[in-house]
Amino acid sequence: MKLKVYTADGSKSSEKEFALPILEGDKGVAALRQVVLAHQANARQGNASTKTRAEVAGSGKKLFRQKGSGTARQGSRRVPHQRHGGIAHGPKPRDYSQKINRKMKTLAFQRALYERANDGGLSVIESLEVKEAKTKLFNQLLTAVLPTRGKVLIVDDQFENNAAFAARNIDGVSLSEAGNLSTLDVVRYRQILLSVKGIETIIARANGGES
């Protein structure tokens, strides 16, 4: 698959062939959906908790006598239908995490890359380097490569200090090392800028490595 490759200063570009996975038809779509859901589920804390009628504080005294009041009999103030009573069928702490096997993760990662590349959302730059750790310099580089950008994910095999410091204050720009790039990251960002070393690592992962 051909992608645009920019020079280190973003002034020139050319097309180069990369060994990105090509998936025909709907192959991997179901896996991609399942893996994205799993990523989101695994991020949940699962600590929502409510008190049942056995746990809520309150008197155990019968509210009024059984008969003769003209209203329905009541035995406790802690029942769910009373104010400040317990919660019926409320949430309790639980584990939302889902297990996804390696083959499904790899297939979903391949599909996500294929879709993003097909949409023109993958761009490659020779190297992500700036002379000084200044936001202005990195912003100029991004503007040269992606003049009309929204949220952008910058991916490198390992970030140089100046580039990492210069990029961290730019609104809408996030950084990720190629070894940590997840399927959810590829789906979430419409524009992804990768260094040559970064895309080599990602291609290696997509062809059977961890994703």
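Hey, with R₀ at 30 Å, roughly what FRET efficiency would Arg44 and Arg168 work out to, going by the Cβ-Cβ distance, to 0.05? List each step's numbers first, then the result.
Working: r = 27 Å, r/R0 = 0.90.
According to the calculation, E is roughly 0.65.
Just tell me the longest site-free run in the chain, where the sites are GluC sites (Glu not before Pro) in a DSSP loop having at most 11 other beta-carbon atoms within 10 Å. Before the final figure, lay out the partial values.
Working: sites that count: Glu24, Glu55, Glu132, Glu210.
Formally, the longest exposed-site-free interval is 133-209.
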Testing the spin-label approximation: label points 7 Å from Cα along Cα→Cβ at Asn118 and Arg73. State their distance in nm. 6.7
Taking the DSSP beta bridges in the chain as the whole, what percent of them are antiparallel, to the nearest 5? 25
Spatial separation of Cα centroids for the stretch 8-26 and the stretch 151-166, in angstrom: 20
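Please report the relative contact order for the chain, taking Cα pairs under 8 Å with a sequence separation of at least 6, and give it as a percent rounded to a whole number.
Numbers: 364 pairs, mean separation 52.5, N = 211.
In percent, rounded to a whole number, it is 25.
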Counting Lys and Arg as +1 and Asp and Glu as -1, each charge on the Cβ, what is the dipole of the stretch 45-95 about the Cα centre in debye, to the nearest 20? 380
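Each value in this text was obtained by applying a stated rule to the coordinates, not by laboratory testing. Because the structure is predicted, anything quoted here is derived from the model rather than measured. Neighbour counts run over all protein chains shown; Cβ positions are idealised from the backbone, glycine included.
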